[in-house]
Every structure is written in C-alpha cells, then in structure tokens.
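For reference, the structure discussed in these notes is given below.
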Amino acid sequence: MSVSPSPSPDEQRPAQPQNIATALAEVSERATLLVHEEIELAKAEVAEKIASLLRGAVVAATAGIFLVMALVLFLAGCAWLLYFYLPVNAFAYFWGFFAMAVILVVIGALAGLVAARVMRRAAPPVPDMAIDEARKIRDTVSAGEASGPASGSVPVPPPPTGAGSASGDRAETPS
C-alpha cells in the first residue's frame with residue numbers, strides 16, 4: 001500500500017491563514033446580510049401593522065361622522081317635534097328625522113365595533129416575525145456554540161470573566 005507524500009508543514013501554512021481569512025470574511029458578509037434582511041423584515045412588518053391601524057382610524061372617523069350626523073338629525077327631529085307639539089299640527093315630519101337618526105346610529109355603532117376590532121388586532125405595531133427570526137438565529141448560534149466547534153473551524157475562546165482571562169497572554173479590555 002502506497003501512501004502519497006504529504007506536503008511539508010511550511011507549504012500548508014500560507015494557504016491556511018488565507019482560508020481562515022476567507023471564511024471569516026464570508027461569515028461576516030453573511031451575518032451582515034442576515035442583519036439587513038432582519039431589519040427589512042421588521043420594517044415590512046411594522047409598515048403592515050401601521051397600514052392596519054390607518055384602516056382602523058379611517059373606519060373610526062367614518063363612525064364618528066355617522067354619529068355626528070345622527071346627533072344633528074336627532075336634534076333637528078327634536079326641534080320639529082317641539083314645533084309640531086306646541087301648535088298641535090296634523091303633519092308629522094319629525095318621525096322621518098327620528099327614523100333617519102336611528103339608522104345612522106346603528107350604522108355608526110357597527111362601524112365603531114369594526115374599528116375597535118381592527119385597532120385591537122393591529123396594535124401595538126411590534127415586528128413579531130422579525131423578533132421570532134432573531135430568536136431562532138440566536139438559538140441556532142447558541143446551539144452551535146454549545147455543541148463545540150465543527151471540524152476545521154477555529155475555536156472561539158470564552159469571554160474573560162472575573163479577575164483573569166481565559167488566555168494568559170491577552171490583556172483585559174474595559175467594557
């Protein structure tokens with residue numbers, strides 16, 4: 001059985017730092033891309049929630065308009081009622097005003113309920129999907145660190161704790 005001669009350690013060293021540098025650059029690029037994608041996801045999610053809040057606000061404004069109009073018609077109906085009540089006239093115009101006021105109150109109440117439901121569902125505008133994705137990434141990274149370094153990767157020393165650091169040749173930096 002023939003074993004191919006392995007290159008000397010001097011020949012392997014120049015390639016290894018470049019591979020590590022390339023791997024670190026790739027990891028950095030991917031992390032940056034991942035952060036940018038998470039930010040875009042958060043922006044899109046907040047924009048969607050704000051749009052939902054705006055729709056609810058428009059429906060609430062519509063409900064307010066119906067209720068104000070109902071109040072105007074109710075007051076006009078009361079005015080006509082007083083007009084017809086005092087002189088005891090045969091005409092009964094006020095019932096039309098009251099009926100319209102009741103219809104507008106019902107429409108306004110329904111629109112108000114729809115607006116309350118939309119507002120409750122949309123508030124607060126928190127990017128839940130982006131937060132969930134960030135948690136998944138954190139859990140994945142934590143699981144990768146807990147299982148140990150993969151073969152061929154550079155182990156990352158633990159952060160310094162207490163009075164000394166994990167490696168004696170490194171000086172502590174204040175944080």
Suppose we keep only residues that are exposed (fewer than 12 other Cβ atoms within 10 Å of the Cβ) and not in a loop (DSSP other than H, G, I, E, B) within segment 76-94. Which one would you say is modelled with the lowest pLDDT?
85
Of the residues that make up segment 38-49, is at least one loosely packed, with under 13 Cβ neighbours inside 10 Å and over 26 Å from residue 117 (Cβ atoms)?
yes
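Answer yes if at least one residue in segment 112-130 is at pLDDT 75 or above, outside any helix (DSSP H, G or I), within 24 Å of residue 49 (Cα to Cα) and under 17 Å from the mean Cα position of the chain (by Cα), and no otherwise.
Step one: of segment 112-130, the residues at pLDDT 75 or above are 112-121, 127-130.
Pick out the ones that are also outside any helix (DSSP H, G or I) and you get 127.
Filter once more, keeping what is within 24 Å of residue 49 (Cα to Cα): 127.
With under 17 Å from the mean Cα position of the chain (by Cα) added as a condition, the list becomes 127.
Looking for residues that are at pLDDT 75 or above, outside any helix (DSSP H, G or I), within 24 Å of residue 49 (Cα to Cα) and under 17 Å from the mean Cα position of the chain (by Cα), one finds at least one in segment 112-130, hence yes.
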Those residues of segment 31-73 which are among the polar types (S, T, N, Q) and closer than 30 Å to residue 109 by Cα amount to 52, 62
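Does residue 67 qualify as being at pLDDT 85 or above, more than 33 Å from the chain's Cα centre (by Cα) and either surrounded by 10 or more Cβ atoms within 10 Å (Cβ to Cβ) or aromatic (Phe, Trp, Tyr) (or both)? So that I can check it myself, show each step before the final result.
Numbers: at pLDDT 85 or above: yes; more than 33 Å from the chain's Cα centre (by Cα): yes; either surrounded by 10 or more Cβ atoms within 10 Å (Cβ to Cβ) or aromatic (Phe, Trp, Tyr) (or both): yes.
For residue 67, the condition - at pLDDT 85 or above, more than 33 Å from the chain's Cα centre (by Cα) and either surrounded by 10 or more Cβ atoms within 10 Å (Cβ to Cβ) or aromatic (Phe, Trp, Tyr) (or both) - is met.
The values are calculated or read from the model by the stated rules, or taken from the named source; none is laboratory data. Please read these numbers as outputs of a predicted model, since none were measured by experiment. Reconstructed Cβ throughout: ideal geometry from the backbone, glycine too, with neighbour counts over all protein chains shown.
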